[in-house]
Amino acid sequence: MTIEASHAAELPPSPVPSSYRAAVVHAFGQPLEVEDVQTRPCEAGQIRVKVEACGLCHTDIHAAHGDWPVKPSPPFIPGHEGVGIVVEAAPDVSEVALGDRVAIPWLGYACGTCDYCVSGWETLCESQENSGYSVDGAFGAYATAHARYVVAVPAAVDPFDAAPLTCAGVTTYKAVKVAGTRPSDLVAVFGVGGLGHLAIQYAAIAGGRVVAVDVLDDKLQLARELGAEFVVNAAKEDPAAAIQRLGGARQAIALAVSSHAFEQAYASLRRGGTLVFVALPADNHVQLPIFETVLGGITITGSIVGTRVDLREVFALHAAGRTQVIHEIRPLSLVNEAIADVEAGRVSARVVLTP
């Protein structure tokens, strides 16, 4: 079966206005301002996308707060789960056509020639640009992107599903790949939310037996519905001890934005196990024992989003009906309320913003 890219080529492209509404970070820790911004000309290799949907990732919140050591430079527009229709392209663009539906991921640009790029690890490129962080993202009615680094969205994938898959999906899919999950492996997923609800599904697709860890019973119920064989409420019992009673995890994927959760994930591993760092807590440090790591043959590895190939595979799995995306749609005008709800844990999985 051939999966075709989604497009609207039979419709003439709508004219691009001289300005458009977008959510802008003017100062770290302050509410985003939804305001008119000027439309900039497409540079060589760039396209303009009329945004249909953009997921709200915890990274967007970290960006708006200036939480990480390498910070974006205000003013900027967050958003790296953008999906929309190509309405304008620079004359040299050949990768996409007007009317195509594309996804704008975190990896907005890479050099294409360094050792990392040519060996299939473009996400490690030292010259990369990141959507919604080092370059403006998709929290707006329009977004500009490098044509070579967008990914076509298959016709069978709804744009409101495609948006979370563009980061939450590809990030957890890659983490399961990096973990090396095989059939019958016990896989512990720490954090059931926008990323975790997809990680559970990818680990199950790989043949793993999934144990989901969270502090909210409703999220653990969702985890069971999505394929988790076991669940642990970390607010009620020690998750590491509970998982060790199951024989210990062969892989643990740390998705909760908490350094303590990373340490619990480490303690849940069996000998020879692998801990995959994915989430990026603001405090940026964990304490792990050297002695037990060496004697237990433990592997600790980081996994950063995924490549364009990974995202194509994520879309193909969803088009085939293998995954479910749990999301709620909110208008961009309520972005600050959405951020507050995500921070307070009042969102079951993913918020998708629409202009």
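The values are calculated or read from the model by the stated rules, or taken from the named source; none is laboratory data. Not measured: the values here are computed from a predicted model. Here Cβ is always computed from backbone atoms with ideal geometry, including for glycine, and neighbour counts include all displayed protein chains.
Couple of notes before you dig in:
- Summed over the range 95-129, the residues that are touching a residue at least 24 places away in the same chain (Cβ under 8 Å) and either surrounded by fewer than 20 Cβ atoms within 10 Å (Cβ to Cβ) or acidic (D, E) (or both) give a count of 10.
- Odd one out for E292, checked against (1) farther than 23 Å from G180 by Cα; (2) more than 18 Å from the chain's Cα centre (by Cα); (3) not aliphatic (A, V, I, L, M): (1)
- Considering the range 270-312, and only residues there that are exposed (fewer than 15 other Cβ atoms within 10 Å of the Cβ) and among the acidic types (D, E), the residue that is modelled with the lowest pLDDT turns out to be D283.
- Residue in the range 252-265 that is under 28 Å from F315 (Cβ atoms) and loosely packed, with under 15 Cβ neighbours inside 10 Å present: no
- Among the residues listed as I77, I47, I61, the single one being under 29 Å from A152 (Cβ atoms) and touching a Phe, Trp or Tyr at 6+ places or on another chain (Cβ under 6 Å): I77
- Pick from the range 166-219, criterion in contact with a strand residue (DSSP E or B) (Cβ under 6 Å, 6 or more places away or on another chain) and either of a type in the set (S, T, Y) or free of Cβ contacts under 8 Å to residues at least 12 places away in the same chain (or both), ranking: nearest to I339 (Cα to Cα): T166
- The range 215-261: number of residues that are among the small types (G, A, S) and within 18 Å of Q201 (Cα to Cα): 7
- Helices (runs of 4 or more DSSP H) contained in the range 248-340 and holding at least 3 residues over 26 Å from R224 (Cα atoms), without any contact (Cβ under 8 Å) to a residue 12 or more places away in the chain and not small (G, A, S): 290-295
- Matching residues in the range 86-109 - criterion: being more than 20 Å from the chain's Cα centre (by Cα) and within 23 Å of V305 (Cα to Cα): E95, V96
- Meets criteria (at positive phi, buried (at least 17 other Cβ atoms within 10 Å of the Cβ) and touching a residue at least 60 places away in the same chain (Cβ under 8 Å)) for G55: no
- Flag if V325 is crowded, with 19+ Cβ neighbours inside 10 Å and farther than 25 Å from V25 by Cβ: yes
- Qualifying residue in the range 130-141 (condition: free of Cβ contacts under 8 Å to residues at least 60 places away in the same chain and crowded, with 19+ Cβ neighbours inside 10 Å): yes
- Filter pass, V157 being touching a His at 6+ places or on another chain (Cβ under 8 Å) and of a type in the set (V, I, T): yes
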